[in-house]
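First comes the structure, then the notes that go with it.
Read-outs: derived from the displayed coordinates by stated rules, not from any lab. This structure is a prediction, so every number in the text was calculated from the model and none was measured. We place every Cβ from the backbone using ideal geometry, glycine too, and count neighbours over all the protein chains shown.
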Amino acid sequence: MNGKSVLTISLEDISVLLDAFLPDYDFYARNPCKVAIDLIGSYLVSTDHEGVTAIRIVEVEAYGGEDDPASHAFRGLTKRNAPMWDSPGRSYVYFTYGMHYCFNVVTSPKGVAGAVLVRAGQPIQGVDIMTRRRGRSFLRDLCSGPAKLCQAMGIDSTLSNVILDTPRLCILIPRNRKQIEIERSARIGIRNGLNLPWRFYEKDSVWISAKTLNPA
């Protein structure tokens, strides 16, 4: 980061580095499937005392509200899933299987539950930090799953329900975004809602978490 201390890194520094910009409120205040598609090819950035880590998002899953049987919001508002009803453009990080964190982007207008799970990404910044955190040297294995990318990027429950507009945790959209060919399938690791093709991923990407599963 041009010799800057981690403590002095600004969002402008990161935006210049990635040639990208913060999306506005309207970007997130939409149907989760629409946001999910537009998140592919964008950047997820995390900054802490160890440095800056960033990935290019290549795989996501959309989750709705009380009409989506696979969603945490299906059974209504709880302390755990409360961020899903909050204003869009913030994080929803949850703990699962007693050992893993998963990162979601909150979507839809405030009061309407919706989120996008970021499933996989291509490491583009702070690979040395990710490698140390994951205990892995194989690049394709660093962020090829929702729990893996949270471990690699230092994302945990302390970052749940924060607005995604600071160096600590943000989403950035490339200024010169290229056309991306996107494929879709049913979501992975769920028992209900398998008829909904709400998993989206970059076609032919080597960075996704798995080949097409549960084809819809």
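General observations
- Each Lys and Arg contributes +1 and each Asp and Glu -1, all at the Cβ; summed about the Cα centre of the stretch 58-216, the dipole is approximately 300 debye.
- Rounded to 0.05, the FRET efficiency of the Arg132 and Val206 pair, given R0 = 35 Å and the Cβ-Cβ distance, is 0.95.
- Helical mean residue ellipticity (222 nm; -39500 (n - 2.57) per DSSP H run of 4+; nearest 500) of the chain: -4000 deg cm²/dmol
- Whether the stretch 144-216 is rounded, prolate or oblate, judged on the alpha carbon gyration tensor where a/c under 1.5 counts as rounded: oblate
- The residue list Tyr28, Gln122, Phe74 was ranked by how far each Cα lies along the charge dipole of the chain toward its positive end, using unit charges on Cβ atoms, and Phe74 comes out on top.
- The charge dipole of the stretch 11-148, taken about its Cα centre with unit charges on the Cβ of Lys, Arg, Asp and Glu (plus for the first two, minus for the last two), comes to roughly 540 debye.
- Taking the chain and dividing mean pair separation by its residue count, relative contact order in percent (alpha carbons under 8 Å, at least six apart): 26
- Relative contact order (%) - the stretch 1-113, alpha-carbon pairs under 8 angstrom, separation at least six: 22
- Packing-based exposure ordering (other Cβ within 10 Å, fewest first) of Glu202, Glu59, Glu183: Glu183, Glu202, Glu59
- Per-peptide average of other Cβ atoms within 10 Å, ordering 78-84, 103-109, 121-127, 48-54 highest first: 103-109, 121-127, 48-54, 78-84
- Approximate spin-label separation Glu66-Asn176, in nm, with each point projected 7 Å along Cα-to-Cβ: 4.8
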